[in-house]
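*Asks:* Before we start, here is the structure in question, set down as structure tokens.
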Amino acid sequence: MSKPHLLTKTEIKEKYDGFARWYDVVEALPEFFGVRALRRGLAGRVHGKTLEIAAGSGKNFRLLPEDVDLVAGDISRGMLQIADHKARKLGMRPKYALLDAENLPFPDDTFDTVLSTLSSCTFPDPAVAFQEMSRVCKPDGRILLLEHGRSSNRAIGWYQDFRAESHASKFGCQWNRAPVEIARNAGLELVDVRTYFFDVFAVMEARPASS
Ligand SMILES: C[S@@+](CC[C@H](N)C(=O)[O-])C[C@H]1O[C@@H](n2cnc3c(N)ncnc32)[C@H](O)[C@@H]1O
């Protein structure tokens, strides 16, 4: 598997500040062809005091249960501005946090649910981010993840490797990682894992690592 050039966090933040206005338009096709259904299945499991990490443009907001007490965090102010616009239209009032997923500004055992979708591909060190999710999640809480990575299909996997470098430098997204293995090796106790579209997408429910 080729290792793409890593963008710095500042470069990733600037990229997403720039993408923010176009993000929903560019992502409309995959959302229509199945990603939205995967989000819906995951969002339905959210409960209680919830941290959404790398909430982006707030695509999950409308899918969350109404009584959720939500903190939406992201490294990009531009993305959170779009998210806030969406939240207002929905009559939601989440709290927002500009944050780095690899160094969360919350005490241990704070949240009932930690949610993150299609995001670890952009984190320089996703294992550290998963450990942080684990740390801020209550021991009886849940970490809910929708991730994408390298396909088990030969042709698709080959293509992902072939284009990894240019894809990463354009979008800050490393699409040939193995998020399920990374989450497991980071200590998350995976209680439910389902994969879709030749294993490109993975929906995971995990308990935090036991300390
Ligand atoms: C591909 S988008 C996914 C957005 C959203 N979760 C979704 O499902 O549509 C990746 C998001 O991760 C955010 N991000 C990238 N690196 C981050 C970091 N280190 N900490 C927090 N957010 C980060 C980006 O700003 C962007 O909003």
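The values are calculated or read from the model by the stated rules, or taken from the named source; none is laboratory data. Every value quoted in this text rests on a predicted model; they were computed, and no experiment measured them. Counting neighbours? That spans all protein chains shown, and the Cβs are built from the backbone with ideal geometry, glycine included. Note: accessible area is taken over every heavy atom of the protein model, side chains too, but ligands, DNA and RNA are not part of it. Shrake-Rupley method; radii C 1.70, N 1.55, O 1.52, S 1.80 Å.
*Asks:* Can you give the FRET efficiency to the nearest 0.05 for Val26 and Tyr159, using r as the Cβ-Cβ distance and R₀ = 25 Å?
*Replies:* In this case the efficiency is close to 0.85.
*Asks:* I've got another one for you. How big is the convex hull of the Cα atoms of the chain, per residue, in Å³?
*Replies:* So the per-residue hull volume is 108 Å³.
*Asks:* With 29 Å as the limit, write out which pairs from Lys49/Lys170; Lys13/Lys95; Lys9/Lys59; Lys138/Lys170 have Cα-Cα distances beyond it, or answer none.
*Replies:* Pairs exceeding 29 Å: Lys49/Lys170; Lys138/Lys170.
*Asks:* Provide Arg184, Arg150, Arg177 ordered by accessible surface of protein heavy atoms (probe 1.4 Å), highest first.
*Replies:* Arg184, Arg150, Arg177
*Asks:* Next question. Order the peptides 23-33, 57-67, 122-132, 189-199 from the highest to the lowest mean number of other Cβ atoms within 10 Å of their residues.
*Replies:* My ranking of the peptides, most packed first, is 122-132, 57-67, 189-199, 23-33.
*Asks:* Can you give the extra length, in nm with one decimal, that the chain gains between Phe198 and Asp125 once fully stretched, where that is 0.36 nm per residue apart less the Cα-Cα distance?
*Replies:* That works out to 23.8 nm of additional length.
*Asks:* Given the alpha-carbon gyration tensor of the range 136-189, what are the semi-axes of its equivalent ellipsoid in whole angstrom, ordered largest first, with each equal to the square root of 5 times an eigenvalue?
*Replies:* Value: 28, 13, 8 Å, ordered largest first.
*Asks:* Right, here's the next one. Compute, for the chain, the length of the dipole vector about the Cα centre, with Cβ point charges of +1 (Lys, Arg) and -1 (Asp, Glu) only. Units Debye, rounded to 20.
*Replies:* 560 debye
*Asks:* Percent relative contact order of the chain, based on C-alpha pairs within less than 8 angstrom and at least six residues apart?
*Replies:* 21 percent
*Asks:* Counting each DSSP H run of 4 or more residues in the chain as -39500 (n - 2.57), what helix-only mean residue ellipticity at 222 nm follows after dividing by all residues, to the nearest 500 deg cm²/dmol?
*Replies:* Using -39500 (n - 2.57) per qualifying helix, the result is -10500 deg cm²/dmol.
*Asks:* List the aspartates and glutamates whose Cα sits under 18 Å from the Cα of Lys89, skipping any in the same chain fewer than 8 residues away.
*Replies:* Here the aspartates and glutamates satisfying the reach criterion relative to Lys89 are Asp24, Glu66, Asp67, Asp69.
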